[in-house]
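Written out below as structure tokens is the structure these notes cover.
Each value in this text was obtained by applying a stated rule to the coordinates, not by laboratory testing. Because the structure is a prediction, the values reported are computed rather than measured. Ideal geometry is used to build each Cβ from the backbone, glycine not excepted, and the neighbour counts take in all protein chains shown.
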Amino acid sequence: MTEDLARETIVQDAAPISAAQLEQALAGLEGWAACNGGKAIRRAFETRNFARAQVIAGLAGGIGEMAGHHPDIAYGWGYCRVTFTTHSAQGVTRNDLICAARLNAVA
């Protein structure tokens, strides 16, 4: 599922998905979990050092920039946390799942 999802196209003005759809989608996205009361998804990557955390942050930022769908990123020595949400939809959309799948594919 992750590879197919990563190939999907980002859609402008996407509608938020239901809690059931989110739960089902997250079952196929390794490492991702709902957060902020189901209004966002987050993955925490553990790394061996700061440089690797910075690489993951750069990948997440690059994916977001290319998609026009930007994540919140926090990183430091040994970790990188990436959060996707669709602010205009006030929740998680298919676009968030697509970006998460793309990050999984390259990280």
Exercise. Which one of these is more than 20 Å from residue 83 (Cβ to Cβ) and either more than 12 Å from the chain's Cα centre (by Cα) or touching a residue at least 40 places away in the same chain (Cβ under 8 Å) (or both): 9, 47?
Worked result: 9
Problem set entry | Matching residues, the stretch 11-34, being surrounded by 16 or more Cβ atoms within 10 Å (Cβ to Cβ) and in contact with a Gly (Cβ under 7 Å, 6 or more places away or on another chain) | 16, 22
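Evaluate the following for residue 9: is it hydroxyl-bearing (Ser, Thr, Tyr) and assigned to a strand (DSSP E or B)? Talk me through it step by step, then tell me what you get.
On the way: hydroxyl-bearing (Ser, Thr, Tyr): yes; assigned to a strand (DSSP E or B): no.
Criteria not met by residue 9.
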Exercise. Name the residues in the stretch 53-79 that are in contact (Cβ under 8 Å) with a residue 12 or more places away in the chain, not in a strand (DSSP E or B) and not aliphatic (A, V, I, L, M), would you?
Worked result: 54, 61, 64, 68, 69, 71, 77, 78
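Each row is one residue, and each column tells you yes or no for (1) surrounded by 13 or more Cβ atoms within 10 Å (Cβ to Cβ); (2) among the aliphatic types (A, V, I, L, M); (3) within 14 Å of residue 10 (Cβ to Cβ).
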{"site": "36", "(1), (2), (3)": "no, no, no"}
{"site": "49", "(1), (2), (3)": "no, no, no"}
{"site": "54", "(1), (2), (3)": "yes, no, no"}
{"site": "65", "(1), (2), (3)": "no, no, yes"}
{"site": "77", "(1), (2), (3)": "no, no, no"}
{"site": "82", "(1), (2), (3)": "yes, yes, no"}
{"site": "87", "(1), (2), (3)": "no, no, no"}
{"site": "94", "(1), (2), (3)": "yes, no, yes"}
{"site": "98", "(1), (2), (3)": "yes, yes, yes"}
